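K.L.:
Below: one structure in C-alpha cells.
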Amino acid sequence: MNLTLKVWRQKHKEDQGLMVTYEAKDINSHMSFLEMLDVVNEDLIKKGEEPIAFDHDCREGICGACSLMINGVPHGSEKGITACQLHMRHFKDGDVIYIEPWRARAFPVIKDLIVDRSAFDRIIQSGGFVSATTGGVPDANAIPIAKPDSDSAMDAAACIGCGACVAACPNASAMLFVGAKVSQLALLPQGKIEREQRVLNMVRTMDEENFGNCTNHFECEAACPKEISVQYIAQMNREYLRAAAKQ
Amino acid sequence: MTLDPKVPDGPLAEKWDKHRFQMKLINPANKRKYKIIIVGTGLAGASAGASLAELGYEVESFCYQDSPRRAHSIAAQGGINAAKNYPNDGDSIWRLFYDTVKGGDFRAREANVYRLAQVSNAIIDQCVAQGVPFAREYSGYLDNRSFGGAQVSRTFYARGQTGQQLLLGAYQAFSRQIGLGKVKMYPRTEMLDLVVVDGHAKGIVVRDMVTGQIRTHSADAVVLATGGYGNAFYLSTNAKGCNVTAAYRAYKKGAFFANPCYTQIHPTCIPVSGDYQSKLTLMSESLRNDGRIWVSKKKGDKRPPAQIPEEERDYYLERKYPSFGNLAPRDISSRSAKEVCDEGHGVGESGLGVYLDFADAIKRLGENAIREKYGNLFHMYEKITGENPYQMPMRIYPAVHYTMGGLWVDYNLMSNLPGLFVAGEANFSDHGANRLGASALMQGLADGYFVLPYTIGDYLSKVKPGSAKTDMPEFQDAKEEIVAKTKRLLGVKGKKTVDEFHRELGHVLWGYCGMARDEEGLKKALVRIPEIREEFWKNVCVLGSNEELNQSLEKAGRVADFLEFGELLCLDALERRESCGGHFRVEHQTEEGEAKRDDRKFCHVAAWEYKGPNASPERHKEELKYENVTLATRSYK
Ligand SMILES: Cc1cc2nc3c(=O)[nH]c(=O)nc-3n(C[C@H](O)[C@H](O)[C@H](O)COP(=O)(O)OP(=O)(O)OC[C@H]3O[C@@H](n4cnc5c(N)ncnc54)[C@H](O)[C@@H]3O)c2cc1C
Ligand code: FES
C-alpha cells in the first residue's frame, strides 16, 4: 500500500518545528508501524535527507521507549498496545497518517518525535520505592499477601512509563503514572510503612515538574497501552488525603 | 600468560563464606572517597548501583536509553530461578547448582555456579522486600512454576512480566540512591571506550547522545553491565539498541573475551516476514507441550496448511526423536527446524518457518482449555501476524536470543584488567555453553546485589582513592581517538545505509555461525566479514553531524564494532573443534545428531586477547576443573 505521512520535524529543543509530508511507498501490511518508519528512513538516507528521529528499543511493547502520537492518539487508535505493536494491516492504501511527538509542558521535545521524559524518573526518585537496602530482609514467604491485593498491585505495576497518559490528557496530568506506583506500593505490606511520606513527596515532585491537574477526563486510561485503570487515581487521592490529614 | 580464576580453596560449599571473610573491608567513613563507574542499568547494573551506593561509595551510572528503567532486562518474560524449595519437591542449592552445570554442558566454572545457587534465595527475599508483585497462591504465599532443564518447580514469576517487575524493583532502589545524591545518573549516554592507566581500568569515554559531546569520566573502578551481543546477528529477540560496543572496546584495551561462540538460539519465535523485519519476538517454549510441529513432505509446497492432507505432513521431531517428540531440547529443535527449511520444506512466504499446530490438542481438550493455558500467547501471536492460531497452525522459527560468551572474569567478577568488573549477560558467566531458562535474571541480580558489593570493596581496599584524573594523557588520548573515529564515520559519505551493512553481517553470521557450524562455512565467514567491513568504511552513509542527536551515527558506531567482533565470534567457533551446548559443530555429533563434546581437548574456557588491528588475536585457556561433579553426556532420551 502507499501512504502519505505528515511528520513533525524539529531539529533540536529550541527549533520551532513543522509538519513535513512524506510518501511511504510499497508498505507491506505485515510491517509494524516502526518498521514502516524504518523503510521511510532508509529511503530518506538514500536521498541524502536526514532520517526521522524517534525513540524505540524493545519493539515488543514493554520498554516504554516508543512514544508516537498517531493521528492524534497516543500509540494509535488500537486499544491496549504501544506504537511498536501496531501493525500496518490496520491502515489502508491512500491513508494520510499524522505522526507527532508527545505534547506536554513537562515533556519538552528533544528532536523530531523524541521527547524528554526524565520528569518521570525524578518523580520515582522522590519516593517511588520501598527503602529496603540490600541484605537483611526477611524470608520471602515470611509475610503472606492476600492474592487480590497482590494481583491488584501487579495490575498497577504493569505501567511501562511511556507517558501516553500524559500525552492523552487535556491537562497533561501525570496522575495515572503516579497513582499506579503509589497504589502498587500501598497495597503491599512492604510498602505500607512509608505510604504517607511517599505520596506526599511524589505528588509534590509531580507538581514541581509542571504536570497539570486531573479533571476526570479519563483519557489516560483509554490511551494506556497496559490498560491501567483510573481506579488507581482514586486510590492515590485517598492516600493523599489520609497523609495530608495526618500532617 | 596464565589465567588465574582465583577460586578460593576449601570445600565447594564453604568457598564463598570463607572468601567473604578473607576479603578486606573499607572503613564506612572512607567508602565515600571511592568512585565507581557502572555502565548499564539492567538487572546487573541497577542492582549493583543501588547496593554499592547504599554501602557509601560514590557511583556514576550510564545507559543509552532515556531512562535506566528501559534496559533490556525489562523484556524478560518467563521467570527467575531460586533454590527455595517452597513446593517441597526436592530442590536444594546442590540441585540448582548441578542442573546449571549440566545444562551448560559442563563448560562453566564450578565454584561460580555454586555461589550463584547459594545466593539465589536471598534474591527472592530482596525482591519481595522491594515490593515486587510476584505471583501468589490463594494462601498468600509465593507461587512457583517449572521451566526447561529442571524437574522441580523453582521458578518465581510475575505474570509474563518477570523481567519488568524485577528491573523496576532494582530501578526503584537505584532511584532512591539517585534521589539521595549518592548516584549520579547519565541517561542517553553511550560508553565508547575504556581508559586504562598503568594497567588498571580507571575510566571511560562517553558520548552524550543529545548534544554529541564526547567526554571522559574517571573512577577507582569500572563495572560493565552492558548486556549481551545477540544483535551481532542483526535479527534477534534483543532490543534494537543492544550492542557489543562497551565489551568490545574493553577487549581492545586488553580485557580478554571469553567463549564468544557460545550463543543461544531459541526454537520458538515468530518467523521473519520480510526484508524490512527489524527484530524477532519470542513465543514461550511452553507451547510445545500441546503443539505438534510439522512441515509438508513436498518441497516448496505453497498450499495453505488446511489443504495439506495428514499423510503428506512430516512431523519431523516426532519422527526423528520418538521418545521426546515435540519436547526435544532447545538446541535439537532449533537445528531440526533449520534442516527441514534448508531442504526446502519451510512454510510461509519466506520458506523459513515450520508449523506449530494445536488442532489435535483443541480436538482433544477443547478450545477453552487451550485458551486458558495459552490465551495470552495466542493473542500476542495474532496481534503480530494477523493470523488466528485457534484456526490455523502457528508459524515459528528459531532466533538468536542470548549470549553465554562475554568478557572473561575471575571468581571476583573482575576481568584480567584490574579494576574492570563485568556483570550480567556481559560477562562469560555461569552458564557454560548453554543457559537454562530463568537463570539469566538470577545471575544478573546475584552479581549486582550479592557478589560485586563484596569483591569490589576488596579490590578498592588495595588502591588509593581518586588517583586517576581526566586530565591525564591516557584520558586525553582515548578521547581523541573517539573524536577521530566519529569524524571518520561521518566523513565516509558513501551510498549504503548502516542497516544494509548490519543485515549483510547478520546473514553471514546466521548462515555460517548460527545453529549449525562447520569448518568450511566458518572459513567462508572469516573471508566475507572483513570484506563487508572494508566496504563499510568506504561506502557507509551517515548523515548529519556529531553535535546533535544522531541515531544513524549511534548505529554506525555499534555496527562498526559488530563488524570486527563477528570475526572473533567465527574464529572462536572455528577453533572449538567440538560440539557443546549451543555451539554445534556439524563434524562433531553423535549418530543421533546430539552434540559431541571433546572433554580431553576442550574442557576449558577460551579467552581471546586482542593483539592489534592487523594481527590475529591470541587464544588463552582456562582449564575447567570439575572436583564435585562427574562429566557426563547430557541425555534427554
Ligand atoms: C525476549 C527475552 C526474554 C527473556 N526471558 C528471560 C527469562 O524469562 N528469564 C531469564 O532468566 N532470562 C531471560 N532473558 C535473558 C535476560 O533477560 C537477560 O540476559 C538479562 O536481563 C540481561 O541483563 P543485564 O543487566 O546483563 O543487561 P541488560 O538488561 O541488557 O542491560 C544492559 C544495560 O547496558 C546499557 N548499555 C549497553 N551498552 C551500552 C553502552 N555502549 N553505553 C552505555 N550503556 C550501555 C543499556 O543501556 C542497559 O542499561 C530473556 C531475554 C530476552 C531477550
Ligand atoms: S519500543 Fe519498547 S515499548 Fe515500543
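The values are calculated or read from the model by the stated rules, or taken from the named source; none is laboratory data. Quick caveat: nothing in here was measured; it's all calculated off a predicted structure. Positions of Cβ are backbone-derived with ideal geometry, glycine not excepted, and every protein chain shown enters the neighbour counts. SASA here: full protein model, heavy atoms, side chains in, ligands and nucleic acids out. Shrake-Rupley method; radii C 1.70, N 1.55, O 1.52, S 1.80 Å.
K.L.:
Among DSSP beta bridges whose residues both lie in the protein assembly as shown, state the antiparallel percentage, nearest 5.
P.N.:
Details: 59 of 83 bridges.
The antiparallel fraction comes to roughly 70 percent.
K.L.:
Next question. Taking K and R as +1 and D and E as -1, what net charge do the other residues with C-beta under 13 Å from the C-beta of B:Ile37 add up to?
P.N.:
0
K.L.:
Another question, if that's okay. Which angle between 0 and 90 degrees, to the nearest 10, do you get for helix B:162-179 versus the longest principal axis of chain B when only C-alpha atoms count?
P.N.:
With rounding to tens, the tilt is 20 degrees.
K.L.:
Now for a separate question. Quick check: the angle from helix B:498-513's long axis to the longest principal axis of chain B, C-alpha only, nearest 10 degrees?
P.N.:
The helix B:498-513 is inclined about 60 degrees to chain B.
K.L.:
Based on alpha-carbon centroids, what's the gap between segment B:230-304 and segment B:156-227 in Å, whole number please?
P.N.:
Cα centroid of segment B:230-304 versus Cα centroid of segment B:156-227: 26 Å apart.
K.L.:
I've got another one for you. Test of understanding: what is the full-extension gain from A:Asn171 to A:Arg89, defined as 0.36 nm times their sequence separation minus their Cα-Cα distance?
P.N.:
Numbers: separation 82, 0.36 × 82 = 29.52 nm, distance 3.24 nm.
Using 0.36 nm per residue and subtracting the Cα-Cα distance, I get 26.3 nm.
K.L.:
When only DSSP loop residues count, what GluC sites (Glu not before Pro) in segment B:351-401 have their Cβ near at most 16 other Cβ atoms within 10 Å? Kindly include the intermediate steps, with their values, before the conclusion.
P.N.:
Working: sites: B:Glu367, B:Glu372, B:Glu382, B:Glu387; in loops: B:Glu387.
Answer in residue order: B:Glu387.
K.L.:
So, one more: What list of ³J(HN,Hα) couplings, whole Hz, do you get for segment A:168-173 from phi and the Karplus terms 6.51, -1.76, 1.60, once you set θ to phi - 60° and write x for glycine and proline?
P.N.:
7, 6, x, 9, 6, 8
K.L.:
Rg and Dmax of segment B:99-248 over Cα atoms: what are they, in angstrom?
P.N.:
Every Cα atom of segment B:99-248 included, Rg and Dmax give 19.3, 59 Å.
K.L.:
Let me ask something else about it. Using r as the Cβ-Cβ distance of B:Leu25 and A:Arg103, and R0 as 60 Å, what FRET efficiency do you calculate, to the nearest 0.05? Intermediate results must be reported in sequence, preceding the final value.
P.N.:
Working: r = 52 Å, r/R0 = 0.87.
The computed FRET efficiency comes out at 0.70.
K.L.:
How far apart, in nm, are two points set 7 Å out from the Cα along the Cα-to-Cβ line at B:Leu327 and at B:Thr211?
P.N.:
5.8
K.L.:
Going down the table (B:Lys252/B:Lys601; B:Lys33/B:Lys184; B:Lys253/B:Lys496; A:Lys6/A:Lys47), which pairs top 20 Å between alpha carbons? Walk me through the intermediate numbers first.
P.N.:
Values: B:Lys252/B:Lys601 28 Å; B:Lys33/B:Lys184 15 Å; B:Lys253/B:Lys496 30 Å; A:Lys6/A:Lys47 18 Å.
From the list (B:Lys252/B:Lys601; B:Lys33/B:Lys184; B:Lys253/B:Lys496; A:Lys6/A:Lys47), the Cα-Cα distance tops 20 Å for B:Lys252/B:Lys601; B:Lys253/B:Lys496.
K.L.:
For a quick check of understanding: with a 1.4 angstrom probe and all protein chains in place, what accessible area in square angstrom does B:His19 have, to the nearest ten?
P.N.:
20
K.L.:
Return the sequence-ordered ³J(HN,Hα) values of segment B:401-417 in whole Hz as given by the Karplus equation 6.51 cos²θ - 1.76 cosθ + 1.60 applied to θ = phi - 60°, using x for Gly and Pro.
P.N.:
9, 8, 10, 6, x, x, 5, 5, 9, 8, 4, 7, 6, 9, 6, 5, 8
K.L.:
Where only protein heavy atoms count, and the probe is 1.4 Å, what is the accessible area per residue for segment B:525-614 in Å²? Spell out each step's value before the answer.
P.N.:
Numbers: 3410 Å² over 90 residues.
Here the residues of segment B:525-614 average 38 Å² of exposed surface.
K.L.:
I've got another one for you. Could you work out how much longer the chain between B:Asn628 and B:Val492 gets when fully extended? Use 0.36 nm per residue separation minus the Cα distance between them, nm to one decimal.
P.N.:
On the way: separation 136, 0.36 × 136 = 48.96 nm, distance 5.56 nm.
This chain segment gains 43.4 nm when fully extended.
K.L.:
Points 7 angstrom from Cα along the Cβ direction at A:Glu42 and B:Lys373: gap in nanometres?
P.N.:
Spacing of the two 7 Å Cα→Cβ label points: 3.9 nm.
K.L.:
What accessible surface, in Å², does a 1.4 Å probe find on B:Leu377, ignoring ligands, DNA and RNA and rounding to the nearest 10?
P.N.:
20
K.L.:
Helix B:43-55 versus the longest principal axis of chain B: what is the Cα-based angle in degrees, 0 to 90, to the nearest 10?
P.N.:
30
K.L.:
In nm, to one decimal, how far is the A:Ala142 label point from the B:Glu14 one, both placed 7 Å along Cα→Cβ?
P.N.:
Taking the simple label geometry, A:Ala142 and B:Glu14 are separated by 2.8 nm.
K.L.:
Need one number: buried accessible surface between chains B and A, 1.4 Å probe, both sides summed, DNA, RNA and ligands left out, in Å² to 100.
P.N.:
On the way: alone 25620 and 12710 Å², together 32210 Å².
So the total buried area for this chain pair works out to about 6100 Å².
K.L.:
Can you figure out the FRET efficiency of B:Arg600 with B:Asp518, using R₀ = 25 Å and their beta-carbon distance, to the nearest 0.05?
P.N.:
Values: r = 21 Å, r/R0 = 0.85.
Calculated value: 0.75.
K.L.:
If each Cα of the protein assembly as shown is one equal point scatterer, what is log10 of I(q)/I(0) from the Debye formula at q = 0.08 Å⁻¹?
P.N.:
Ignoring solvent entirely, the Cα scatterers give -0.69.
K.L.:
Roughly how many percent of the accessible protein surface of chain A is carbon and sulfur, given a 1.4 Å probe and a whole-percent answer? Display every interim value, and only then the final one.
P.N.:
Working: 4690 of 9660 Å².
That share works out to 49 percent.
K.L.:
Counting Lys +1, Arg +1, Asp -1, Glu -1, what net charge surrounds A:Ser229 among other residues with beta carbon under 12 Å of its beta carbon?
P.N.:
Numbers: positive: A:Lys226; negative: A:Asp155, A:Glu221, A:Glu227.
Residues close to A:Ser229 contribute a combined charge of -2.
K.L.:
Using a 1.4 Å probe on the protein heavy atoms only, what accessible surface does B:Glu339 show? Give it in Å² to the nearest 10.
P.N.:
Per-residue accessible area (B:Glu339): approximately 80 Å².
K.L.:
How much of the DSSP beta bridge set in chain B is antiparallel, as a percent to the nearest 5? List each step's numbers first, then the result.
P.N.:
Working: 45 of 64 bridges.
Of the beta bridges lying entirely in chain B, close to 70 percent run antiparallel.
K.L.:
Also, quick follow-up: For B:Lys462 and B:Tyr98, what does the FRET efficiency come to when R0 = 35 Å and r is the distance between their Cβ atoms, rounded to the nearest 0.05?
P.N.:
Values: r = 35 Å, r/R0 = 1.00.
The calculated FRET efficiency here is 0.50.
K.L.:
Segment A:176-247: which GluC sites (Glu not before Pro) are DSSP loop and have at most 13 other beta-carbon atoms within 10 angstrom? List each step's numbers first, then the result.
P.N.:
Working: sites: A:Glu194, A:Glu196, A:Glu208, A:Glu209, A:Glu219, A:Glu221, A:Glu227, A:Glu239; in loops: A:Glu194, A:Glu209, A:Glu227.
For GluC sites (Glu not before Pro) across segment A:176-247 that sit outside H, G, I, E and B with at most 13 neighbouring Cβ atoms in 10 Å, the list reads A:Glu227.
K.L.:
Another question, if that's okay. How large is ³J(HN,Hα), in whole Hz, for each residue of segment A:135-148 in order, when computed from phi with the Karplus curve 6.51 cos²θ - 1.76 cosθ + 1.60 and θ = phi - 60°, using x for Gly and Pro?
P.N.:
x, x, 9, x, 4, 4, 9, 5, 10, x, 10, 4, 4, x
K.L.:
Can you check what the net charge comes to around B:Gly419, using other residues whose Cβ is under 9 Å from the Cβ of B:Gly419 (Lys, Arg +1; Asp, Glu -1)? Please report the intermediate quantities before stating the final value.
P.N.:
On the way: positive: B:Lys202; negative: B:Asp220.
Once positives and negatives cancel, what remains is 0.
K.L.:
Given only helices, namely DSSP H runs of n ≥ 4 each adding -39500 (n - 2.57), what is the per-residue ellipticity at 222 nm of chain A, to the nearest 500 deg cm²/dmol? List each step's numbers first, then the result.
P.N.:
Numbers: 9 runs with 90 residues, N = 247.
So the calculated ellipticity at 222 nm is -10500 deg cm²/dmol.
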